[in-house]
1. Looking at segment 60-83, which of its residues are of a type in the set (A, V, I, L, M) and under 15 Å from the mean Cα position of the chain (by Cα)?
2. Among the listed residues R40, R32, R112, R95, which satisfies the condition of being among the basic types (K, R) and in contact with a helix residue (DSSP H, G or I) (Cβ under 6 Å, 6 or more places away or on another chain)?
3. Report those helices (runs of 4 or more DSSP H) wholly inside segment 3-118 carrying at least 1 residues which are crowded, with 18+ Cβ neighbours inside 10 Å, touching a residue at least 60 places away in the same chain (Cβ under 8 Å) and among the β-branched types (V, I, T).
Amino acid sequence: MNARVLKSKIANRLKRKRRIRVKISGCASLPRVSIFRSNRYLSVQAIDDAMATTIASANSKALGHKANKEAAVALAEAFATSLKNAGVSQIVFDRNGYQYHGVIAAFGDALRANEIKF
C-alpha cells in the first residue's frame, strides 16, 4: 500500500469521525465510549464530554491480548466491570470512524452481553 492510499484512508476515517462526533456527546450519567483500533491493540475509554474527563478506560495491551475478535470480547468484559464499578449501565457508543464490523462489532456485542445498554 503506497503512502498516498494510506493517507487517504486515514483522512476518510477522520471525516467519518467528525461526522459522528457532531451528532453524539456524553455526560456523567450517559458517557460516550470511544474505541481505538490500531494494528496491534485495542483501547477504549468512557468519556464525560461535559466535564472533559475519562470515567473508565481499558486496553488490550495491559490485558495481554492483540487486536482480534477474541481480544475485543475479553476487553469488553473487563471494561464492562470497570463501568459497573463506576456506576454506569448505559452508554453512547462512539465507533470513532470505524465501520461497525469485525472487531468493533465483537466489542459492541460483548458489551451488550455484559448488560451495558447503548
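Here, each number is a calculation from the coordinates, and none is a lab measurement. Everything quoted here is computed from the prediction, not taken from an experiment. Note that we place each Cβ from the backbone using ideal geometry, even for glycine, and neighbour counts take in every protein chain shown.
1. Taking segment 60-83 and keeping what is of a type in the set (A, V, I, L, M), we get 62-63, 67, 71-76, 78, 80, 83.
Matches in segment 60-83: A67, A71, A72, V73, A74, L75, A76, A78, A80, L83.
2. Details: R40 fails: in contact with a helix residue (DSSP H, G or I) (Cβ under 6 Å, 6 or more places away or on another chain); R32 fails: in contact with a helix residue (DSSP H, G or I) (Cβ under 6 Å, 6 or more places away or on another chain); R112 fails: in contact with a helix residue (DSSP H, G or I) (Cβ under 6 Å, 6 or more places away or on another chain).
The unique qualifying residue is R95.
3. On the way: elements: 3-23, 60-63, 69-85, 103-113.
Helices (runs of 4 or more DSSP H) meeting the threshold: 103-113.
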